[in-house]
1. Taking the C-alpha atoms of the chain, how large are the radius of gyration and the largest Cα-Cα span, Dmax, in Å?
2. Using each residue's phi in segment 52-61, evaluate 6.51 cos²θ - 1.76 cosθ + 1.60 at θ = phi - 60° and report the 3J(HN,Hα) Karplus result to the nearest Hz, with x for Gly and Pro.
3. At what distance in nm do the modelled label points of Val17 and Glu39 sit from each other, each positioned 7 Å from its Cα along Cα→Cβ?
4. Using only alpha carbon pairs under 8 Å that are at least six residues apart, calculate the relative contact order of the chain and give it in whole percent.
5. Please report, as a whole percent, how much of the solvent-accessible surface of the chain comes from carbon and sulfur atoms (probe radius 1.4 Å).
6. Might you report the magnitude of the Cβ-based charge dipole of the chain about its Cα centre, with Lys and Arg at +1 and Asp and Glu at -1, to the nearest 20 debye?
7. Before I look further, what does the chain give for accessible area per residue, probe 1.4 Å, in whole square angstrom?
8. Helix-derived [θ] at 222 nm for the chain: sum -39500 (n - 2.57) over DSSP H runs of at least 4, divide by residue count, nearest 500?
Amino acid sequence: MQSVFRFRKSSYSNPEVECVEIATNVADVVAIRDSKVSEGPVIRLSPAPWDTFRTALVTGAFDR
């Protein structure tokens with residue numbers, strides 16, 4: 001199923017260090033991968049958990 005995803009780089013990614021790509025083109029799935037390892041593992045979430053995780057990232061919930 002990985003081949004059906006159309007990944008795009010996250011606007012929050014740093015190209016030299018943190019390269020995250022997401023795909024939202026498949027209904028009810030948000031796929032996430034490391035762009036440096038495009039054939040590597042893909043994390044798949046439903047939209048609600050993705051929204052919760054994304055909000056936590058954007059609001060700094062994981063910052064120390």
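1. Just the Cα atoms of the chain yield Rg and Dmax of 12.0, 36 Å.
2. Computed from phi, the couplings for segment 52-61 are 5, 5, 4, 4, 4, 5, 5, 8, x, 4 Hz.
3. The modelled label-to-label distance comes out at 2.9 nm.
4. Values: 73 pairs, mean separation 13.9, N = 64.
In percent, rounded to a whole number, it is 22.
5. On the way: 2580 of 4740 Å².
Accessible surface attributable to carbon and sulfur in the chain totals 54 percent.
6. Numbers: 8 positive and 8 negative charges, 19 e Å.
For the chain, the charge dipole is close to 100 debye.
7. Numbers: 4740 Å² over 64 residues.
Counting only protein heavy atoms, the per-residue value for the chain is 74 Å².
8. Values: 1 runs with 12 residues, N = 64.
Helix contribution divided over all residues of the chain: -6000 deg cm²/dmol.
The values are calculated or read from the model by the stated rules, or taken from the named source; none is laboratory data. What you see is a predicted model; the values in this text were computed from it and never measured. Positions of Cβ are backbone-derived with ideal geometry, glycine not excepted, and every protein chain shown enters the neighbour counts. The protein model used for the area step is the full one, side chains on, heavy atoms only, and it has no ligands, DNA or RNA in it. Shrake-Rupley method; radii C 1.70, N 1.55, O 1.52, S 1.80 Å.
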